């Protein structure tokens, strides 16, 4: 009995060993893991807090939402590989933080994102872009910045912005005023400006005052105010006492509403015409200022959200509804062309060198070489001038009429005041 049991156990052990030997010698099963998804790491600095967050949170979020749409609904950037000739897709790894329109925070975020391996950035806002301008040249890090004004500080071979200098923003307004001025005397223009470094060149006699005089207008005064101002009695009174025809605000929509209310309270509203700077115009002026907003002028960077026959407007409306469940307005739409432009530049770079060989320098070359980028009618097609790389050089005029914003001009191009002074 014992010998029989031992014999059976021996046979069983032999069978098990044989099975294990067969398994061990069998060829490995083929792997079925999908290849790693191709991605380009993009660092984005939003402006969701700070003194100008009421405007900048929405303007700087627009490009992020477009890039999320590009990933989710279009499958990333489609391009033709220069080596294989095959069509492929690359998605964007979006790494973003809030810089609060603060230089120190912008620098800290820049360093973190660079250490994380980003290949291209959107350091948004003039303060942030100025803060990292020298570092990005040193590191050869391209920056496609929205809500940033081109200045002598920012001009470099690694930065592109979505608007010209603040001096040129008023300059293009003066161009429009002169085109519509019929009186024999020069129009008198006064300015109320937020006291930040990028706006200080307004007062340089060689810049804005000289340009106004050359065009036949008179710049009669600039009133500076802190970002946190809530009363504009002195600023408005001083300009009206100089008998201005126009008061131009370099301010947010909320500040524009406060200026209009103070002018109305002082009895000055009908003594001048009032206009807000490009980038800070919004339909919210009608809600904030109420009936006294009627007749208010504003510079605009894009088509109006009410122009629903334009494909780009329909796209922007879809993006904001899908990803934020918010209605489209001017501030939400104005920086989306920057993301469209960036995605087209990335496609250009990929089709030149391929994904495996792509470097930040290749992306920079793509940003500076794209032509006739189609923004689906939001703005005219974009062709970059490498000597002064602005990807939205267009400004139009609009006015509040019957409680709605209506366009009242074609798009103008910036006059190039700053560029001329720098010799570009």
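Numbers at a glance
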{"item": "Area projected by the alpha carbon convex hull of the range 310-424, averaged over all directions, nm²", "result": "9.6 nm²"}
{"item": "Residue order, fewest to most beta carbons within 10 Å, for 288, 333, 214", "result": "214, 288, 333"}
{"item": "Folded to 0 to 90 degrees: helix 253-265 orientation relative to the chain principal axis, Cα", "result": "20 degrees"}
{"item": "Protection-proxy order for peptides 89-99, 156-166, 111-121, each taking the mean of Cβ atoms within 10 Å per residue, highest first", "result": "156-166, 89-99, 111-121"}
{"item": "Contour excess over end-to-end distance, with Cα ends at residue 88 and residue 134 and 0.36 nm allotted per residue", "result": "13.1 nm"}
{"item": "Principal axis box of the chain, alpha-carbon based, largest edge first, Å", "result": "125, 45, 42"}
{"item": "Ordering of 280-287, 238-245, 68-75 by burial proxy (mean other Cβ atoms within 10 Å per residue, highest first)", "result": "280-287, 238-245, 68-75"}
{"item": "Pair residue 356, residue 200: separation of 7 Å Cα→Cβ label points (nm)", "result": "5.1 nm"}
{"item": "Computed label-point distance, nm, for sites residue 41 and residue 385 using a 7 Å Cα→Cβ extension", "result": "3.6 nm"}
{"item": "C-alpha center-to-center spacing [the range 391-424, the range 88-119] in angstrom", "result": "30 Å"}
{"item": "For the range 189-223 and the range 140-187, distance of Cα centres in Å", "result": "13 Å"}
{"item": "Overall dimensions of the range 158-249 as given by Cα atoms, namely Rg and Dmax in Å", "result": "13.8, 46"}
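The numbers here are math on the coordinates, done by the rules we state, and not lab data. Worth saying up front: this structure is predicted, and the values here are computed from it rather than measured. Methodologically, a virtual Cβ is constructed for each residue, glycine included, from the backbone with ideal geometry; neighbour enumeration extends over all protein chains shown.
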